[in-house]
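Chemist: Quick one: this structure, given as structure tokens, is what I'll be asking you about.
The values are calculated or read from the model by the stated rules, or taken from the named source; none is laboratory data. Small disclaimer: the values here were computed from a predicted structure and weren't measured. All Cβ positions, even for glycine, are placed from backbone atoms using ideal geometry, and neighbour counts span all protein chains on display.
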Amino acid sequence: MKIRVGIAGYGNVGKGAAKAVEAAPDMELHAIFTRREPDSLELPDRSVAVLPVSSAEEKVNDIDVMLLCGGSAADLPEQGPYFASLYNTVDSYDNHSIIPGYMAAIDAAAKNTTAIIAAGWDPGLFSMVRALSEAVLPDGTAYTFWGKGVSQGHSDAIRQIKGVKHAVQYTIPVETAVETVRGGEKPELTLRQKILRECFIVSEPGADNTEIEETVKKMPHYFADYNTTVSFIDEDEFLSSHTEMPHGGMVLRSGNTGENNHIIEFSLKLDSNPEFTGSIMVAYARAACRMSREKLFGAKTVFDVPVSYLSAKDSLTLIKELL
């Protein structure tokens, strides 16, 4: 019997998740929940039910796992605990600095469900690499560089500002810092020394651009600790030049075993950030269902999930083919 999947939120990540469910041999998309008018959504498969979020409680017996595809800034803090009280859930919450508080709120709600949080590529896959490389090379230093590409979470945070119509934020690694680490050095790098943030904004007519720019640059957890540039452009330029969503990044660890130095590097180059994120969430949806059957309830992270639970293949096949 296939895993019945629901998707809450049909923006970029929701659409990516829907594609990933379609590609999964052991899953089927049962319903999409939206705050918009259900008839306004354009879906490739019209047989999938589109329902208002307010009807979520009515479908508890029909869905095995819910993928929460809203933004971290405004949507998930509210929707995460609500859905986790009803369903097994997976989200890609990405505000690193306040994950413990978010996890506590989810854990309090997920009394009889399994809720896997922060299951994107960072946090998520990169988190696993950081933990693995630290375990292998405890005498060392880890570095994470993001970009160049579009950060969905940071772009969404800008769009929450009053007077902003469209916004995109590009994360750009500082190349000199990357090459220093690859060369075997272990510099102490601040966030400003590792990453640049470049923002392009279309403001509403009459909006105060100076105030918007100041709000962006002072935004805690998102921009306040980085060198950030803000450019205001017209809508035509935005639509012609800033609607693609590539991204990527890398985790490096430079460490020693005695007098010998080693570099661990894991990198991603993504044509579509939301589609890749949706694919990760779908893999963790499979794990959430397996863990729920074992009554491993509450909030979980990628550190709590056996790697074999992510695969549609059984353990013996994984051993034969991949070990």
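Chemist: Which condition does ALA312 not pass, out of (1) out of contact with any helix residue (DSSP H, G or I) (no Cβ under 7 Å at 6 or more places or on another chain); (2) in the same structural domain as PHE83 (by TED's automatic domain parsing), if it passes all the others?
Modeler: Unmet for ALA312, out of (1) out of contact with any helix residue (DSSP H, G or I) (no Cβ under 7 Å at 6 or more places or on another chain); (2) in the same structural domain as PHE83 (by TED's automatic domain parsing): (1).
Chemist: Quick check on SER279: is it buried (at least 18 other Cβ atoms within 10 Å of the Cβ), among the polar types (S, T, N, Q) and in the same structural domain as GLU28 (by TED's automatic domain parsing)?
Modeler: Details: buried (at least 18 other Cβ atoms within 10 Å of the Cβ): yes; among the polar types (S, T, N, Q): yes; in the same structural domain as GLU28 (by TED's automatic domain parsing): yes.
Yes, satisfied.
Chemist: May I pose another question? Any chance you could count how many residues in region 191-214 are within 22 Å of the chain's Cα centre (by Cα), within 15 Å of ALA167 (Cα to Cα) and surrounded by fewer than 20 Cβ atoms within 10 Å (Cβ to Cβ)?
Modeler: Residues flagged as within 22 Å of the chain's Cα centre (by Cα), within 15 Å of ALA167 (Cα to Cα) and surrounded by fewer than 20 Cβ atoms within 10 Å (Cβ to Cβ) within region 191-214 amount to 1.
Chemist: Keeping to region 142-189, report how many residues are of a type in the set (Gly, Ala, Ser) and under 20 Å from ASP122 (Cα atoms).
Modeler: 8
Chemist: Then there is this: Which condition number does TYR284 fail, the rest of (1) aromatic (Phe, Trp, Tyr); (2) in contact with a helix residue (DSSP H, G or I) (Cβ under 8 Å, 6 or more places away or on another chain); (3) not assigned by TED's automatic domain parsing to the domain that holds GLY14; (4) not in a loop (DSSP other than H, G, I, E, B) being met?
Modeler: Every listed condition holds for TYR284 apart from (3).
Chemist: Could you grab me the full set of residues in region 287-323 that are closer than 15 Å to ASP91 by Cβ, not charged (D, E, K, R) and not in a helix (DSSP H, G or I)?
Modeler: The answer is GLY298, ALA299, THR301, VAL305.
Chemist: Related question: Just one of (1) more than 14 Å from the chain's Cα centre (by Cα); (2) outside any loop (DSSP other than H, G, I, E, B); (3) not assigned by TED's automatic domain parsing to the domain that holds VAL21 trips up PRO138, so point out which.
Modeler: Exception for PRO138: condition (2).
Chemist: Pairs please, first residue from region 128-144 and within 20 Å of VAL174 (Cβ to Cβ), second anywhere and assigned to a loop (DSSP other than H, G, I, E, B) and basic (Lys, Arg), Cβ atoms under 9 Å, 6+ apart in sequence or on different chains.
Modeler: Matching pairs, first to second residue: THR141/LYS186; TYR143/LYS186.
Chemist: Scan region 287-309 residue by residue and report those that are crowded, with 20+ Cβ neighbours inside 10 Å and touching a helix residue (DSSP H, G or I) at 6+ places or on another chain (Cβ under 6 Å).
Modeler: Passing the criteria: ALA287, ALA299, VAL302, VAL305.
Chemist: Of all residues in region 74-109, how many are within 12 Å of the chain's Cα centre (by Cα), at pLDDT below 95 and not acidic (Asp, Glu)?
Modeler: 2
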